[in-house]
Structures are given as structure tokens and as C-alpha cells.
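Report on the structure given below.
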Amino acid sequence: MKNKNTILWIEAFFAAISMWILFTVEYYPERAHTALRIYVFAMLLITLGMVIAVRYYQSQHSSVDIDRICEMVRHIDVPAFIWSNDLTTMYTNEAMDELLGIAESEDPGDIDVLLTNFFHFLGIAPRNAADVLSGHSYYRGIEDEDGNTRYISWTTSLLKHGSRASLYFSIGFETTDLVETQQDLNDTLRELSKSESRYALSMKLSGIGILLCESNRDEYYVSDEAMKFLGISENRITFSEFRKRLHPEDRLIFDDYLNKVRYSTPQRNSTKPRTLELRIRPNNSGQYTWYSYHYHENLANKDGMPIIGGALIDISVEKAKDATIERLAFLDEITEIANRNKLMHDGEETFRICRAMGTYCWILVLDIDRFHIINDSYGYENGDKILKQFAHVLCKYTAAGGFAARVSADNFAMVLHDYSDYGDDELPGRTLEHIRADLQGLSIGEFANLSLSCSAGFARIPTDGNSFHEVLEHAEFALAMGKGELAYVMGYDAQMHREIVSQGEMEKQLATAIRNHYLQLYYQPKYDLKRHCIMGAEALIRWITPDGNMISPNVFIPIAEKTGMISDISHFVLVEAVRQNAEWQKAGLSPIVMSINFASGDFYQANICDTVGYELERRGLESKWLELELTERLALGDINYTVQQMNALRDMGILLAMDDFGTGYSSLSYIQLLPLTLLKLDRSFIIEIETDTVAQEIVSAVIKIAKSMNIETIAEGVEYQGQSDLLARMGCDYIQGYLYGKPMTAADFRVRLIENTPGYQG
Ligand code: C2E
Ligand code: MG
Ligand code: MG
């Protein structure tokens, strides 16, 4: 450092002046005055010099302090330097020289240039350097010789304040690692915020709401989307609050889920996502929305803590679609109650529950009596109205947990829950009474003349079968047992059914019955209302089991039709009926027309004419004594072929009757196409003919129309004289029914024929 002896020089000057004055006053007193003046002048000069010296001293620094600091700085191994803000002073240590790239021998005259460059290097204007650097840290990247950026944080402190220039000490600490870590952190944060915003956007676009929490907490973290679903304004919701927003029926499902996921061991790689369907409403009022809740049963976080939560996806649109599909698939269009599909679906469920819980239900199958009359006489539109009202009545009596369904045409089914502890066997019967009473109430206004009733068969769930399907079949079986009877009601009788057991068993039994001649023909007289005598017989088949039970054809004929065994049966009937009729004729009894029932399958056999012709011929029976009864179902087949077959039979002279007329689909205009000789008015028309004016009108009209077409008429199921008289007045040709005889054995019928043959000698 320069200027360090200035004070010594001033002190020496002051001492010399003082010595000179003392010498002058001592040895030249006359010059004392002048010496005093000179002294005063000198003192002034000295004071001025002192002031200048002090000022100078103040402006400079103690060379000793600076040297000491410089010494200290030399030993610091981080970059440090002492500098003056007038850019005239600079002391740098080795680390700093290295940073600046200065050779040790560098000319100190370049200090100002060096400092200026350095400050430029730091990005600071030199005149601001003191302001920028003093008092706080400042760091800046510096590129080293290898091209790597080094970050140094500079801390600067004021060493000495000067009026013209101040002295500063700056020390730099390398923060490259710190800065790089910071930068990495910033990059990560940036990435994170990017991915978070990406995540938030994805969630928003996908409409997925997320619920998450660790299982030791009783609340969910809720994503923005889920907040909307739940109608909350914070990102948190407690389980109990969440539960409150669920539909009451779904709360148990949620509890069950919570228990499962909370108390099971977490598995890190749980790959099986599960789904719950929950109804949630945002607040305590308003509509529920369906959500699908996807979750992993045992998902664990990094610490092995189970995570509870999942994704909520709005599935209300899908649910609405499902409901529409279900509506279409499970709803009967006319009555708007369940259809057969729904009956089967819900019935299976009911069966399963009853079995599991040890409870009972009843299945009732119902059939509206003479529904065809309503359709024929009031038109299909009114028929539909009645179906609707009937459905309505059934729904009224299904009670909680039960339901009603339309199975087909006028066939309905009801599932009734039996809430008694004892098994209420009377429930189906009682319910039916209520239904019938309500049906009476429907016979008003436009339906005033109609007396509506229904028949039913019932069976108990789950004891009357091994599945709902089977129980239903058994109830239908019970209904079929009373086919044709009005207001019939019958419970399933396992005893009776046991003989027939299953269809397979039944088939086997039927095959055995055919082989072993357990099938037998009964004959029911047909009475001529004009000639007052028996004019014919209908051969009706009976299955007599070895223990003497008689099985109704209503039970086994449909099975025989399904399995194809009907052709064997029909062949047996044809052979036996023709043989029997020929035998009676040969015995001299009044000749009668023998009717046999033909299933549509038989009728479509190509060789039917040959078969029938062969039987007539070999028994020597004229074809006019044989009548084939066909049902309206025939008309559903190939009409051209039907007409062709019937014409061929008619050409042979065989009589053709339309059986059960009025129960099916055919109309009179349709009948015109067929070469019929007889119309058999179904028993359902006859039952209430005496009181039901509509039935009267229909029967009367049908008889007239048939007459105009040269078709004779016979009424089935005549049980009372009144019915017979009325039919006679209406011009009906024949009657058949219990009034003139039930179906009977050949031996019994022979007796009737003898009575019917005037002058028969035997
Ligand atoms: P369907 O041909 O209409 O026969 C008349 C049914 O009415 C018979 O029942 C007869 O017993 C019953 N019936 C007759 N008069 C009265 C009456 O006054 N009151 C009551 N309540 N019922 C009466 P069944 O013998 O039980 O036969 C039922 C049905 O089975 C027959 O109806 C017919 O469709 C079918 N069927 C009977 N035998 C044969 C057959 O040999 N072959 C075929 N393919 N079907 C047959
Ligand atoms: Mg018949
Ligand atoms: Mg009939």
C-alpha cells in the first residue's frame, strides 16, 4: 500500500517548527514578534496540514488494518476481494484470481479494467456495483474454462466509508450444486404442475371424480370433479357425510365395501378392480344420479397403508338406456306390466330368496274366461282395454314384494308373498276371490252385458318345484287340469303330478301306455235337436294308468304333440274309432257319425288321405260316417295346403268339423275358405248362454251365417235343458254335453245306441 508514512512526516514537520520558534525567542527576542507571527502562521499551516492529514487519513485506510484483512483474505480458499468503488483499489486472493483467470504477474495498473470487466461479468454496472453488492447476497452464473456454468453467491460488506470512495470486501461462495438442485426442483415442480394441470384437465374432460384416503383416516380427499358430484366446496368429505348422500338402498352396499377394504390386508399389486353402482345426490334434496364406483379392494400406498377410494363415473345415461332396454325387454306393451321375460327373471330371484330365507310365495297363473268373446264381439281395442284393466286389478292384489305379469294373450301370472309364519294355504284362493269381485265391477258401461271371470292354477314357491320355471309349469299344469271350466281354480297336486312327474318321464310313460294299450277311447253322444236322437259320437281318448287313474287328454295331448307321439295316438284313435263304428253298424245299431280329433300335425301328413281311406276300406265303413275334428290352430298354418288337404278329404266323402270354434283366431270369413261341414261352438259360449245376452247374440249370428254357408252347427258342453232349448230355438242342429251323456266306455255307449235304435233286437 502507498501513503502509509504521511502522519510521521506531519509530526516531524510540527516538531521542527516548534524547535525553530523556541530557538528564535531564546536567542533573537527582537525577532520574537516576527517569530510569533511566523509561529501563528506556522500553527495555522500545521492545523491546516493536520486537517488535510486527518481528512486524508480518513479518506484512506489504515494500512495496518487493510494489510491484516488482506492477509486474512489471502488464506481464504473461496474467491474474495477487497475493492474500492472508485475502481482504484483491488486486492484479490488466489481463488478469486483463478476465477478471474488473472496471472499473478498481471499489471496492477489494470485494476480498474479488471474490476469493470468483472462487474460486467456479474451483469452489474460498475457504478451501481456497491449498491447492488453491499449488504446482501448476489449470485450469478459464470462460465468456467471448461464451459460449465458455476454459480457463486457474493456477499459484500463495507470496510471503510470514504467521501470520495469507499472500500468493500466481497466474498463468494460456490452454490453451483445448490442452484442445480434448486433448478432440478423447479423443473420437477414445473413438470408436476404441468402434469397436475394435465391430470385436472383429463379428469374434467373424462368426467371422472376421484376419492382417496388412507384407511386410518375417516375422510376422503375429493377431486374437483367429485366435488361437483357430491355438491361440496372443499376437497374433503367424511365417510358419514358421503354415506348420507347415497341412496338408502345403496348405503348397505357402501358399508359392506368399506368394511371389506378397511379390514383386509393391503396388496400392493392388487390388479382386480371392482365396481359398485351407487346412486348419489349432491345435497339432501334433488335427484339421485347413478355412478359407477371403480376401486381396488386392497390397494396399498408406498408405506403399505391401505388406500380407500376409487373413481366415480356418471353412468346415468347408460342407466337410462338400460331402463329403456329393460322396459322394452321386460314390459308388456298392452298392459304395461311385466311380461313373460320379466316374470321368469324376477321369479327365479324370488325362488332363490325364498329358498335361502325359508319363506313362501305363491305363483298364480290366470286365464280370463272366454276372452275370445270379448275380442270377437267388442273388437280388439276393447279387448286390450279389458286386458289392461285386468292387469290393473292383479297389481292391486300383488301386495308388497309381489308382482303381476302378462304371460301371453289372456294368460297372466302373479307372485304373491306369503307373510304368514305358518304358510297361508288359503292366500291364493282368497286373492282370487278379491280379483273376481273386482272383475264384476268392471262389467259396467260399455261392458255392462259382459260377465267377466277368470280361472287360475297355483303352486307354491319354492316347495312345488326345483326351480321357478318348474313351479310355474306346475301352476300351469293345475290350470290345465280344469281346462274349459269357468271360474276354475286349482292348486298344484304333487300326488297327481308324481304320476306324470317330468316330461321325459311322461314321454316314457306315454310310450309305454301306447304300447301296452293303456290308451282307451271313450265316446260322447252327439244329439240331433231336430230328430231327437243320437246322431253321432265323439271319440275322446283316455289314459288309464295300471292303478286305475284316468289322465286327462288336456295333460298328455300337448306333450304328445310336442314329442311327435301324437301321430301314434292319432293313428290308434283312427283305427279304433273306425273299427268300433263299423262294429256297431254291423251289429245293426243305428248308424252314427264318429268324430275323431286330429292334431294339426296329423293333418299335414302327406299320406293322410291314404291312411284314412285304408282304414275305412278295411273295416267296410262308408266315409260319410267318419268326421275329422280340426282346431282353429290349423288355420295358422299354410292355408293353401290346408285347403288342398281338406278338399281331398272332402272329395273322399269324409266330414270335416271345426272344433272349439270361437276360442282361437279364426273368423267366420276365414272359415268360408275351408270346405267344412260342421262348426262346433265352443263350450265357453254355451256356459252362460241363458244369461249372457252377448253370447246369445254371437251364437245366434254364427248359426245363421253357418247355415247360409251350408255348414251345420253343434254346441259343445251343453249341461242344462234350458241351454238345449235355447240352442234349438236358435236353429242349432246338434248338441253335445253332459246333458245327453258324458264321455263313456264303448260298452256303455253301446247301451245308449241300443236305446237309440228303434226296434233293435240284439
Ligand atoms: P274337445 O275335442 O273339445 O272335446 C270336448 C271336451 O269337452 C272333452 O274333454 C269332453 O269331455 C268335454 N265335455 C263335453 N261335454 C261337456 C260338458 O257338458 N261339460 C264339460 N265340463 N265338459 C264337457 P276331454 O275328453 O277331457 O278332452 C279334452 C280335449 O282333449 C278335447 O277337446 C280334445 O281337444 C282333446 N282330445 C281328446 N281326445 C283326443 C284325441 O283322441 N286326439 C286329439 N288330438 N285330441 C284329443
Ligand atoms: Mg273335439
Ligand atoms: Mg271341442
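The values are calculated or read from the model by the stated rules, or taken from the named source; none is laboratory data. Only a predicted model underlies this, so the values are computations on that prediction, with no experimental measurement involved. Neighbour counts are summed over all protein chains in view; Cβ atoms, including those assigned to glycine, are modelled from backbone coordinates with ideal geometry. SASA here: full protein model, heavy atoms, side chains in, ligands and nucleic acids out. Shrake-Rupley method; radii C 1.70, N 1.55, O 1.52, S 1.80 Å.
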Filtered hits (lysines, Cα-Cα < 25 Å from Lys194, offset >= 8 within chain) -> Lys204, Lys228, Lys302
In Å², rounded to a whole number, the accessible area per residue of the chain with probe 1.4 Å is 53
Taking Lys and Arg as +1 and Asp and Glu as -1, residues besides Gly653 with C-beta under 10 Å from its C-beta add up to 0
Short to long, in 10 Å steps from zero, the percent of alpha-carbon pairs of the chain per bin is 2, 9, 12, 12, 9, 7, 7, 6, 5, 4, 4, 4, 5, 4, 3, 2, 2, 1, 1, 0, 0, 0
Filtered hits (lysines, Cα-Cα < 20 Å from Lys160, offset >= 8 within chain) -> Lys2, Lys4
Asserting the computed 222 nm helical MRE of the chain (DSSP H runs at least 4 long, -39500 (n - 2.57) per run, divided by residue count, to nearest 500) equals -15000 deg cm²/dmol
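Given N residues in region 654-762, what is Rg(Cα) / (2.2 N^0.38 Å)?
Details: Rg = 15.3 Å, N = 109, 2.2 N^0.38 = 13.1 Å.
So region 654-762 has a normalised radius of gyration of 1.17.
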Most packed first (mean Cβ within 10 Å per residue), the peptides 247-260, 673-686 order as 673-686, 247-260
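Could you work out the local net charge near Gln580, counting Lys and Arg as +1, Asp and Glu as -1, over the other residues with Cβ closer than 11 Å to its Cβ?
Net of charged neighbours comes to +2.
With a sphere of radius 10 Å drawn around the Cβ of Asn283, what net charge do the other residues whose Cβ falls strictly inside it have (Lys, Arg +1; Asp, Glu -1)? Mind showing how you got there, number by number?
Details: positive: Lys244, Arg245, Arg281; negative: none.
Net of charged neighbours comes to +3.
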At R0 = 51 Å the Cβ-Cβ FRET efficiency linking Arg618 and Ile334, nearest 0.05, sits at 0.45
Carbon and sulfur atoms account, in whole percent of the 1.4 Å probe accessible area of the chain, for 53
Any lysines whose Cα falls less than 20 Å from that of Lys260, other than same-chain ones fewer than 8 residues away, would be Lys244, Lys272
For region 542-678, the charge dipole (Cβ of Lys, Arg +1; Cβ of Asp, Glu -1; about the Cα centre) points to a positive end, and the Cα of Phe603, Leu616, Thr663 closest to that extreme belongs to Leu616
Sorted on mean Cβ neighbours within 10 Å (highest first), peptides 732-738, 387-393 come out as 732-738, 387-393
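With the cut-off at 32 Å, tell me which of the pairs Lys321/Lys385; Lys704/Lys742; Lys508/Lys624; Lys562/Lys586; Lys526/Lys704; Lys321/Lys562 have Cα atoms farther apart than that.
Violating the 32 Å Cα-Cα cut-off are Lys508/Lys624; Lys562/Lys586; Lys321/Lys562.
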By the DSSP-based rule, helices of the chain that are at least 27 Å long along the axis (C-alpha) and have a mean Kyte score of at least 1.0 are 6-27, 32-59
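How long is the gain from Asp67 to Ser552 if the chain were fully straight, where each residue apart is worth 0.36 nm and the alpha carbon distance is subtracted? Could the numbers behind the result be given before it?
On the way: separation 485, 0.36 × 485 = 174.60 nm, distance 13.39 nm.
Fully extending the segment from Asp67 to Ser552 adds 161.2 nm.
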